[in-house]
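Here's the structure, in C-alpha cells; my notes come after.
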Amino acid sequence: MSTSSKPHPHPWAEWAKFPHIRIWWRHDLPDHVLGKTDGVRNVWHNIKALQVERRCSTRHEQEHILAGHDGCQEGRVEALIQWRAAKWLCPNPHDVADAIVWADGDLHLAADHLWLDMTRMEARLDRRFMHPAEARVIEKKCSEELHP
C-alpha cells in the first residue's frame, strides 16, 4: 500500500540533540494538555496520554524548542508548529494519500495507520503550510481512488 519503505520516525531518539532538556512525566496536567515546555530546560508530558499522543506531543514540543518558544503560541504560529511536527512525523505525502485511500477517506483510521493523533493528522493536511506539490499528490491520489 505505502510507497515508502521507511518506518515511521521516532521522536524519542531526537532528544539526544537536546541534552540540556529534562523530560518530566506528570500526573497533574489537564487531560487536554499532552505536553508543554518552558523552551529552555524542561518538557512536561502527560503520563495519561496514549502512546500515539506521546509520540506526537514529543515532536510538537521539540518543534517549540527549535523555534525558540517558551510554550504554546497563538493562532497561526501554533498551527505552524503543529504542521511542522506532523510533517516530521509523516514526511512523505504519498504515505498520507495512501493511508487516506486505504481508510476509504476516514481520517481517524488514516491517522491510526500513520501513527498520528487527530491533531497532527489535521495539521498534516493544513494547506496553509503544505507545499503545493504535496497538496497535488494527496488530492490527485484521493480523487482518483476515492471518487473515480
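The values are calculated or read from the model by the stated rules, or taken from the named source; none is laboratory data. Only a predicted model underlies this, so the values are computations on that prediction, with no experimental measurement involved. Using ideal geometry, Cβ is built from the backbone for each residue, glycine included, and neighbour counts are taken over all protein chains shown.
Numbers below:
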| read-out | value |
| --- | --- |
| Pairs where the first residue, in region 28-40, is at positive phi and surrounded by fewer than 18 Cβ atoms within 10 Å (Cβ to Cβ) and the second is assigned to a loop (DSSP other than H, G, I, E, B) and not acidic (Asp, Glu), C-beta under 7 Å, 6+ apart | GLY39/GLY68; GLY39/HIS69; GLY39/GLY71 |
| Qualifying helices (runs of 4 or more DSSP H) (wholly inside region 1-119; at least 1 residues being assigned by TED's automatic domain parsing to the domain that holds LEU146) | 75-89, 93-102, 107-114 |
| Top-ranked residue of region 71-103 - restricted to ones that are among the small types (Gly, Ala, Ser) and surrounded by fewer than 16 Cβ atoms within 10 Å (Cβ to Cβ), ranked as nearest to MET130 (Cα to Cα) | GLY75 |
| Region 120-148, subset over 16 Å from TRP83 (Cβ atoms) and in a loop (DSSP other than H, G, I, E, B), residue modelled with the lowest pLDDT | PRO148 |
